[in-house]
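The values are calculated or read from the model by the stated rules, or taken from the named source; none is laboratory data. Nothing here was measured: the structure is a model prediction, and the numbers come from that model. Counting neighbours? That spans all protein chains shown, and the Cβs are built from the backbone with ideal geometry, glycine included.
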Amino acid sequence: MLDLDGVVYVGNKSVEGVAEFLHEWRGKGRKVAFVTNNSSLSRGGYAAKLGKMGITAHPGEILTSGYLTAEYLRGKSPGARVYVVGEGGLREELRRAGMRLVGERESAEADYVVVGIDRKFNYRKLEAALRALNRGAEFLATNADPTYPTERGLLPGAGAMVAALSFSSGRRPRIMGKPSTRMYREALRLLGTRPGETAAVGDRLDLDVAPARRLGMVSILVLSGVTRREDLRGLEGGRRPDLVLERLPDLVRG
């Protein structure tokens, strides 16, 4: 299971050697699933992005926190009214799941407020979301990542939007993506594998390594994204990943 931001690419640039690694990996008959907390694109959008980097990926091999949120709502509240703080990919997944998206003026009628990364977040969206929560809407967050890696360095993640609404409303959301084990459990189902024979590769100790360890999966940390080697100093054994690599293609070389 491969995280995307910081593992497969940084921003719009693939990590060197990743496309070749995946070609070789699959050539040996091994399975791959892509798992990301970033809800800015739909599964189809991520497949297209990976394709531009020379990486073949089918939408069915990709799990996003936006997709998990949409499927959760499909099962719990079919056709629910949802006010979204988020980008196009999250909206697309929610619509595909049959949700009714409401605008700022109708936000008080929402059954749910769903928050993901939103790089056009503003006070009006915060006001509309707060209005919905004050009227009894349930609060869901795709994820609460504080940052994500880009070519320009670390930028604010969805956690910044979630924190603003949580602080103003006094409510905590249900987090759908990592570090909840929900995404990894769904990926195990897609792969048809058991935890002990599956590795999760990520660039964060808290969001990627921790849930993998809770499920008994092999945890692999790469240093091509958020975490640096100095961050590992003094870590207790129970928090350390099973393997640390500079970048994903080093797995083959090792």
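The number of residues in the stretch 74-85 being in contact with a helix residue (DSSP H, G or I) (Cβ under 7 Å, 6 or more places away or on another chain) and either under 16 Å from Gly177 (Cβ atoms) or surrounded by fewer than 17 Cβ atoms within 10 Å (Cβ to Cβ) (or both) comes to 2. Considering Gly216, Gly196, Gly202, Gly170, the condition of being touching a residue at least 24 places away in the same chain (Cβ under 8 Å) and among the small types (Gly, Ala, Ser) is satisfied by Gly202 alone. Restricting Gly44, Gly66 to residues that are surrounded by 13 or more Cβ atoms within 10 Å (Cβ to Cβ), in contact with a Leu (Cβ under 7 Å, 6 or more places away or on another chain) and either more than 26 Å from Gly216 (Cα to Cα) or outside the structural domain of Val226 (by TED's automatic domain parsing) (or both) narrows the list to Gly66. Note on the stretch 139-155: among residues that are part of a loop (DSSP other than H, G, I, E, B) and more than 11 Å from the chain's Cα centre (by Cα), the one that is surrounded by the fewest Cβ atoms within 10 Å (Cβ to Cβ) is Arg152. Taken over the stretch 175-231, residues that are more than 16 Å from the chain's Cα centre (by Cα) and in a loop (DSSP other than H, G, I, E, B) amount to 10.
For the stretch 26-39: of the residues being in contact with a Leu (Cβ under 8 Å, 6 or more places away or on another chain) and surrounded by fewer than 22 Cβ atoms within 10 Å (Cβ to Cβ), which is nearest to Thr142 (Cα to Cα)?
Val32
In the stretch 157-189, the residue that is nearest to Gly60 (Cα to Cα) out of those that are surrounded by fewer than 16 Cβ atoms within 10 Å (Cβ to Cβ) and not aromatic (Phe, Trp, Tyr) is Arg189.
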